[in-house]
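Student: One structure coming up, written as structure tokens, with questions to follow.
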Amino acid sequence: MKHSRSSAEVEIRDAVVKRFRELWPNARIIHEMNVEHGSSRADVVAVQPDRLWICEIKSERDKLDRLAGQIADFGPTCHGLIVAAHEKWTKSPGMETVKHGVIRQLPSPLTLALAGARRCYDIWSYPNSESRRRDWSAPYRAEVPWYHRMLLLLWADELRAVAADHRIACTSRTPGNKLVPELSRMMTGSEIEKAVCKHLRARTFVEADPPILPERKAFAAHPASGRQEALL
């Protein structure tokens, strides 16, 4: 069952998905992905084979009181975080005169809501006209995720599968919260990125592009097998 949304949010979401597909055509698009054990839910996620991009949407009907906490939850798990917000939140309300007659621009509601945020993020203001198309560009660079937080995006059975793929000891009952520190210690950052993205691309979601299953590696037949067949 898909999540219910206002028409204002759907309008921005459709624009974000369209832009994500232009920027990262090889990515799987996922809607409403749980983060931090479900305490926050990412609106739109683009998962490439080794990169993860998250967008939080704020329509003119939304509130900004939870945004700082969402930034804190999403930022460490991904390579780039985008806030796509209606211009109601991104525009300055005007100018004011301060001490000694100096005139300054008042900060936007979004700027005030995110004051003190420690994680990097990009702002996409909506509506985005063709003349401002460059404003909806990809993040300047891919940030380095906090790898233990990125691993927490996976379910326990997915974490056990990652451990098996990398020959890290665990049992069928090893809980995920015990595996994450071990995986963080034993795997490289690149291995963690690819493993997390692999499982998110393959997982079934309520609303997402079709799963992208990893290709099975083809192994050459052992030379001895040919000799054995010849003897039969």
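Student: For residue 184, indicate whether it is of a type in the set (S, T, N, Q), outside any loop (DSSP other than H, G, I, E, B) and at pLDDT 95 or above.
Tutor: yes
Student: Hey, among 54, 29, which residue is of a type in the set (Val, Ile, Thr) and in contact with a Gly (Cβ under 9 Å, 6 or more places away or on another chain)?
Tutor: 54
Student: Determine whether the range 42-51 contains at least one residue that is at pLDDT 95 or above and farther than 25 Å from residue 214 by Cβ.
Tutor: yes
Student: Here's something else I'd like to know. Got a sec? Which strands (runs of 3 or more DSSP E) wholly within the range 60-167 have at least 2 residues that are hydrophobic (A, V, I, L, M, F, W, C), under 19 Å from residue 46 (Cα atoms) and out of contact with any Phe, Trp or Tyr (no Cβ under 9 Å at 6 or more places or on another chain)?
Tutor: Result: empty, no element qualifies.
Student: Which of the residues that make up the range 1-15 are in contact (Cβ under 8 Å) with a residue 12 or more places away in the chain and not hydroxyl-bearing (Ser, Thr, Tyr)?
Tutor: 1, 2, 3, 8, 9, 11, 12, 13, 15
Student: Among the residues of the range 16-41, write down those that are hydrophobic (A, V, I, L, M, F, W, C) and either within 18 Å of residue 202 (Cα to Cα) or without any contact (Cβ under 8 Å) to a residue 12 or more places away in the chain (or both).
Tutor: Within the range 16-41, 24, 27, 29, 30, 33, 35 qualify.
Student: Just to be sure before I move on: is residue 19 buried (at least 17 other Cβ atoms within 10 Å of the Cβ), among the basic types (Lys, Arg) and either at pLDDT below 95 or over 13 Å from the mean Cα position of the chain (by Cα) (or both) in the structure I sent?
Tutor: It is true that residue 19 is buried (at least 17 other Cβ atoms within 10 Å of the Cβ), among the basic types (Lys, Arg) and either at pLDDT below 95 or over 13 Å from the mean Cα position of the chain (by Cα) (or both).
Student: Here's another thing I want to ask about it. Is one or more of the residues making up the range 108-116 at pLDDT below 95, in contact with a Lys or Arg (Cβ under 7 Å, 6 or more places away or on another chain), of a type in the set (A, V, I, L, M, F, W, C) and over 23 Å from residue 37 (Cβ atoms)?
Tutor: No, the conditions are met nowhere in the range 108-116.
Student: For the range 183-204, give me each residue that is over 18 Å from residue 51 (Cα atoms) and buried (at least 16 other Cβ atoms within 10 Å of the Cβ).
Tutor: Matches in the range 183-204: 183 only.
Student: Could you list, in sequence order, the residues of the range 97-115 that are of a type in the set (A, V, I, L, M) and under 36 Å from the mean Cα position of the chain (by Cα)?
Tutor: Within the range 97-115, 106, 110, 112, 113, 114, 115 qualify.
The values are calculated or read from the model by the stated rules, or taken from the named source; none is laboratory data. Computed from a predicted structure; not experimentally measured. With ideal geometry, Cβ positions are generated from the backbone for all residues, glycine too; neighbour counts draw on all protein chains shown.
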